[in-house]
1. Among K213, K225, which is in contact with a Lys or Arg (Cβ under 7 Å, 6 or more places away or on another chain), basic (K, R) and assigned to a loop (DSSP other than H, G, I, E, B)?
2. Would you kindly identify the helices (runs of 4 or more DSSP H) lying entirely within segment 95-200 that contain at least 3 residues that are closer than 19 Å to N232 by Cβ?
3. Which numbered condition in (1) outside any strand (DSSP E or B); (2) more than 16 Å from the chain's Cα centre (by Cα); (3) surrounded by fewer than 24 Cβ atoms within 10 Å (Cβ to Cβ) is the only one that G237 fails?
4. Is there any pair linking a residue in segment 61-73 that is farther than 20 Å from N287 by Cβ and more than 8 Å from the ligand (Cβ to nearest atom) to one that is in a loop (DSSP other than H, G, I, E, B) and at pLDDT 95 or above, with Cβ under 7 Å and at least six apart or on different chains, and which?
5. From the list V293, V297, which one is part of a helix (DSSP H, G or I), within 16 Å of the ligand (Cβ to nearest atom) and hydrophobic (A, V, I, L, M, F, W, C)?
6. Is at least one residue of segment 20-43 within 14 Å of the ligand (Cβ to nearest atom), part of a loop (DSSP other than H, G, I, E, B) and closer than 27 Å to V93 by Cα?
7. Out of curiosity, is G79 small (G, A, S), free of Cβ contacts under 8 Å to residues at least 60 places away in the same chain and in the same structural domain as V253 (by TED's automatic domain parsing)?
8. Which residue pairs have Cβ atoms under 7 Å apart, sit 6 or more places apart or on different chains, and have a first residue in segment 17-35 that is without any contact (Cβ under 8 Å) to a residue 12 or more places away in the chain and a second that is in a helix (DSSP H, G or I)?
Amino acid sequence: MAKDERRVYKIKTMNNISKEGLKLLPANFIASPDVEDPDAILVRSADLHDFEFGPNVRFVGRAGAGVNNIPIDRCSEKGIVVTKAPGANANGVKELVLLALLLSSRDVLGGIDWVRNYKGDAIGKDVEAAKKRFAGPELMGKTLGVVGLGATGRRVAKMGIDMGMNVMGFDPFLSIGNALNLDTRVNVVEDPKALFNKADYITLHIPYTADTKNFVGAELLSIAKPGLRLINIARGGLVDVKALKKFMDAGVVVNYVVDFPDPETMRLPHTINIPHLGASTPESEENSAIMVVRQLVDYLDHGNIRHS
Ligand code: MLT
């Protein structure tokens, strides 16, 4: 078929897929939030569980790392190919982990709030008391446990090493042999208990599935090193919030940073709730959109299924 006679595809875009990605679409791909009877869908985090796919949909591209917002079983039944953008936002997430590590150590947020609400007239003197009140430990020399050694976890592990931390890693899906291909300075363990037992900070980078639901629960927290700071820039459901609260009350977990707040975590003490900003950088949004657009074109135009 001559190039100008190529079949036209209608692509429904949901939640502002980055224009940098959409620019790569060939002329025979019409992308808009308003197309009717789409052949494919590009989505960021809108929940598609109740979405009516329509008879022509053959492809769903998730511009992100997780597919929890896509009804995978229903798509499989209908023969709809679902892809995602693994690693595309890994750097954005890694940088938020760094911020989370620092915010969980030093109560800078409390300090900023204190200054904002200060009503006295001797700030210089009162700052002395604030310096004590909002003080916290440095990262250097502490042990960082990285759970999940995929694209993001590996970057986080490397960042921990760069910050002078002792880094331990565990991955529930990766064989120890593959995990050991990592930076040799990462102490990869086969049992998460070994990591919970030693780490001052633990950061989660595993997908949320039926197997990983409540991964951090009473069993692991009961052997955690007291003073643990837990960082979850992945999915809220990885942590059993009731168990977490119990171990917070007992002083075992001193801080929790979660990038997926829900009513339960918003009521927790010692918790910093972030409104899912891990991938909210123009760079991550662009990288994710570019990856799924390439996958889309490859599939609809050539029948190839790409995973990266
Ligand atoms: C992801 O799974 O990578 C994130 O949820 C992406 C996003 O924030 O949309």
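The values are calculated or read from the model by the stated rules, or taken from the named source; none is laboratory data. Just so we're clear, the structure is a prediction, and the values are computed from it rather than from any experiment. Here Cβ is always computed from backbone atoms with ideal geometry, including for glycine, and neighbour counts include all displayed protein chains.
1. K225
2. Fully inside segment 95-200 and qualifying: 151-162, 192-196.
3. Here G237 clears every test but (2).
4. That search, which allows pairs on different chains as well, returns P71/L48; P71/H49.
5. Sole residue among the options that is part of a helix (DSSP H, G or I), within 16 Å of the ligand (Cβ to nearest atom) and hydrophobic (A, V, I, L, M, F, W, C): V293.
6. Looking for residues that are within 14 Å of the ligand (Cβ to nearest atom), part of a loop (DSSP other than H, G, I, E, B) and closer than 27 Å to V93 by Cα, one finds none in segment 20-43, hence no.
7. Answer is no for this residue.
8. Taking only residues 6 or more apart or on different chains, not a single pair turns up.
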